[in-house]
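Read-outs throughout are calculated quantities, based only on the coordinates presented, and are distinct from any laboratory measurement. From a predicted model like this one, the values you see are computed outputs, not experimental measurements. Because the Cβ atoms are built from the backbone with ideal geometry, glycine has one as well, and the counts that use them run over all protein chains shown.
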Amino acid sequence: MKISTSKTELQSALQKLSKATPVRSTLPILNSVLFVAENEGVLLRTTDLEITIIVPLEASLEDTGSAAVPLHTLLEITNELPETRITISIDAQNRVELSTEMGVYDLMGKPADEFPAIPDVDKQKTLSMATNVMRDIIDNTSFAVSKDELKPALTGVLFQFNEQNLTSVATDGHRLVRYIRTDYQTDAFSGDIVVPRKFLGLLGNFLSEEDNIDISLGDKHLIARIGKNTIITRLIDERFPDYDTVIPRDNEKRLTVERETILGAVRRVSIFSNKSTHQVALRIIDEKVTITTEDPEKASRAQENVSASYSGDDLVIGYNANYLKDILAHIKVEKIIIDLKTPISAGLFYPEEQANNSDLTMLLMPIRLND
């Protein structure tokens, strides 16, 4: 195999592909990028066995062929090169030579047939989605996905497709996000899938390049095509919990407050909270929210008052400050509504005004306050 390309083209492709290269793996071949040079063009591919990324490379082709090349070494030398032309030659023994104006660099590759094959996706159902819709879903839900591998269903985002809308849900057991897009309808597929968080994070790096994303759904895999780039992921084959039953319908106490004001107060007060519990308390009385924390171990405490509009009986409720900050930071509007019931009931957080064609609801479980 022999191809010639620019430093910029190669660097851009390798940076995208590196996202699917595992940090640690018992299979050394997974640390490589597969080059496939054919008359139709040059394709590069990486995989961690869960996610596969395929990226085309703009290159001049002299000889066809394929081989697996150590990705990080190739990326490191490419990053250090100035803008130049790079010729990549790979012989029958998989010896790789990089030739540039500055010098020649040799490394050892591996046979292409050792590299994992592209997943076989049967019974595909194809649909299209605007990239801004997918980006909004990722931004609004990914932060609430669980990192607990013992609960695999919660390590992804639930997508519920139907003819009226698209609902996405994420939860880690402490907080929950439900995001509905009423401007997305499809009759190509109706049903539920659970998409891994890592895939959605990778997808976000590609979404700025095109206006639409084409999605193909199989029984166990999802294929996303953005322009000329392709990302394949294994779906999470677990039943997502019945989230609808945990969203309360009778939270009669309503608090309306400026988001930046309360978020800033929680951030400052939480600096003085216990580093294990991250506990803060919200005392809500009339038109005021008093945010407090105390850490007896360090003899530290903090308190701030925030003006608000409130209807309901006086209430004191505790939250994990980190979870509370996440919720407040991801509702990007001027004012938010918090519907509450008791100190041990889930609170619901909404934008005061929902964005066009969307319905965002966030739920946060309280924590019991120390006496």
Identify all aspartates and glutamates with a Cα-Cα distance to LYS123 below 14 Å; exclude those on the same chain that are fewer than 8 residues away in sequence.
ASP219
Check cross-link reach from LYS228 to the lysines: straight Cα distance under 16 Å, and skip same-chain residues fewer than eight apart.
LYS16
Please label the shape of the range 2-114 as rounded, prolate or oblate, based on the square roots a ≥ b ≥ c of the eigenvalues of the alpha-carbon gyration tensor (a/c under 1.5 means rounded; beyond that, a/b larger than b/c means prolate, else oblate).
rounded
Helix 71-80 axis, angle to the chain major axis (alpha carbon atoms, nearest 10°):
90 degrees
Tilt relative to the chain, helix 7-17 - C-alpha long axis, 0 to 90 degrees, to 10
50 degrees
Rounded, prolate or oblate: which fits the range 100-143 when a ≥ b ≥ c are the square roots of the eigenvalues of the alpha-carbon gyration tensor, with rounded for a/c under 1.5 and prolate only if a/b beats b/c?
oblate
What residue among ARG45, ARG85, ARG225 has the largest mean-square fluctuation in a Gaussian network model of the chain, using Cα springs under 10 Å?
ARG85
How do ASP359, ASP286, ASP339 rank when sorted from fewest to most other Cβ atoms within 10 Å of their own Cβ?
ASP286, ASP359, ASP339
Using Rg/Rh (Cα atoms, Kirkwood Rh) as the read-out, say which of [x] 1.00; [y] 1.08; [z] 0.96 was calculated from these coordinates.
[y]
Towards the positive end of the charge dipole of the range 86-241, with charges on Cβ (+1 Lys, Arg; -1 Asp, Glu), say which of VAL96, PRO152, ASN132 has the farthest Cα.
PRO152
Using the Cα centre of the chain as origin and beta-carbon charges of +1 (Lys, Arg) and -1 (Asp, Glu), tell me which of PRO119, MET362, ASN212 is placed farthest towards the positive end of the dipole.
MET362
Treating only the Cβ atoms of Lys and Arg (+1) and Asp and Glu (-1) as charged, compute the dipole magnitude of the range 247-364 about its Cα centre; round to the nearest 20 debye.
380 debye
Net dipole in debye of the chain [+1 Lys, Arg Cβ; -1 Asp, Glu Cβ; about Cα centre; nearest 20]:
920 debye
Most fluctuating residue given options ILE29, ILE51, ILE344, as computed from a GNM of the chain linking Cα atoms under 10 Å
ILE344
Links exceeding 32 Å between C-alpha atoms in this model, out of LYS147/LYS335; LYS288/LYS332; LYS2/LYS147; LYS7/LYS147; LYS220/LYS275; LYS298/LYS332, come to LYS2/LYS147; LYS7/LYS147; LYS220/LYS275; LYS298/LYS332
Rank the residues LEU150, LEU61 as a footprinting-exposure proxy: fewest other Cβ atoms within 10 Å of their Cβ go first.
LEU150, LEU61
